[in-house]
Amino acid sequence: MAADVTGLAGFLYEFGLLKRYKRTGWLVAGVRDPESIAEHSFRAAVIAAIIAEMEGGNPERAAFMSLFHDTQETRVTDIPYIGKRYLKATSNVDVTADQVRGLPAEVAAMVGDAVEEYEEKATLEAVCARDADKLECLIQAVEYREQGHQNVQGWIDSSLAAITTETGKRLAEEALSTGTLDWVTRVLNGD
């Protein structure tokens, strides 16, 4: 049991890197202090739960997959799309298999199954989680644009084009037509 706990502690420390690693695409766009991978994954999980609920899926499963969808970046970092043109990437499923090697079998299966389901895109929940990843990127781009960053339109356009669920598309259109702080005005006005 002690070895299992030691392995799990290391696993948790490894995933803590996601709080420090920045999303590098935003650096390319000129954002000096972009969100971390963990920050992205948190909001993606919230969005995944919402989309899945609205689409008739299991919100907990969709959110769970979203929590693990970028955890491989502790090993391979967040490589911007332009960099991926020049690199032969190991699959996320294979990176995850290395990450969970030596962990208790039930934990390894839990994480590995979530990543595999996400990557296969075969379930409604996986589709919702993938849409959440793109919608979170779109929302973040809109926030950065409102903060004065000019070079984010490509992220908005590519994210919008990748969203497939009706709920995801409707949420994206709403996000594009709503100011990022409009909700504050509604709250203050008692709406």
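The values are calculated or read from the model by the stated rules, or taken from the named source; none is laboratory data. In this text, all values refer to a predicted model and were calculated from it rather than measured experimentally. Note that each Cβ is placed from the backbone with ideal geometry, even for glycine, and that neighbours are counted across all protein chains shown. Side chains are part of the model used for accessible areas, which takes the heavy atoms of the whole protein and leaves out ligands, DNA and RNA. Shrake-Rupley method; radii C 1.70, N 1.55, O 1.52, S 1.80 Å.
The phi torsions of the range 61-69, fed into the Karplus equation with coefficients 6.51, -1.76 and 1.60 and a -60° offset, translate into couplings of 5, 4, 5, 4, 4, 5, 4, 9, 5 Hz, rounded to whole numbers, with Gly and Pro shown as x. These residues, Arg170, Arg32, go from largest to smallest accessible area, 1.4 Å probe, as Arg32, Arg170.
Normalising the average separation of contacting C-alpha pairs (under 8 angstrom, six or more residues apart) by the number of residues puts the relative contact order of the range 71-149 at 19 percent. Using a Förster radius of 25 Å, what is the FRET efficiency between Asp113 and Glu60 based on their Cβ-Cβ separation? Nearest 0.05, please. Efficiency at R0 = 25 Å is approximately 0.95. For Met110, the accessible area of its heavy atoms, probed at 1.4 Å with every protein chain present, is near 90 square angstrom. Using only the Cα atoms of the range 54-131, build the gyration tensor, take square roots of its eigenvalues as a ≥ b ≥ c, and label the shape rounded, prolate or oblate: rounded if a/c is under 1.5, else prolate if a/b is larger than b/c, else oblate. Note, shape of the range 54-131 comes out oblate.
Of all lysines in the structure, the ones whose alpha carbon falls short of 20 Å from that of Lys169, not counting any fewer than 8 places away in one chain, are Lys121, Lys134. Counting protein heavy atoms only, the chain has 57 percent of its accessible area on carbon and sulfur, 1.4 angstrom probe. Once the 1.4 Å probe is applied to the protein heavy atoms, the chain comes out at 56 Å² accessible per residue. Dividing the mean sequence gap of close Cα pairs (under 8 Å, 6+ apart) by how many residues the range 130-169 holds gives a relative contact order of 53 percent. Note on the chain: helix-only mean residue ellipticity at 222 nm, from DSSP H runs of 4+ residues weighted -39500 (n - 2.57) and normalised by residue number, equals -22000 deg cm²/dmol. Length available on full extension from Glu146 to Leu27: 0.36 nm per residue minus the Cα-Cα distance, which gives 41.2 nm. Accessible surface comparison of Glu125, Glu173, probe 1.4 Å, protein chains only, largest first: the order is Glu173, Glu125.
The spread of Cα positions in the range 45-191, taken along each principal axis and listed from longest to shortest, comes to 54, 37, 25 Å. Taking all protein chains together and rolling a 1.4 Å probe, Phe42 ends up with roughly 130 Å² accessible. Could you tell me which of rounded, prolate or oblate describes the range 1-131, using a ≥ b ≥ c as the square roots of the eigenvalues of the alpha-carbon gyration tensor, with rounded for a/c under 1.5 and, failing that, prolate when a/b is larger than b/c and oblate otherwise? Oblate, because a/c is 1.5 or more while a/b does not exceed b/c. To the nearest 0.05, what FRET efficiency results for Lys121 and Thr185 with a Förster distance of 30 Å applied to their C-beta separation? For R0 = 30 Å, the calculated efficiency reads 0.20. Taking all Cα pairs closer than 8 Å and separated by 6 or more residues, the relative contact order of the chain comes to 22 percent.
Between the helical axis of 37-55 and the longest alpha-carbon principal axis of the chain there is an angle of about 70 degrees.
For Val187, the accessible surface of its heavy atoms amounts to roughly 90 Å² (probe 1.4 Å, protein chains only, rounded to the nearest 10).
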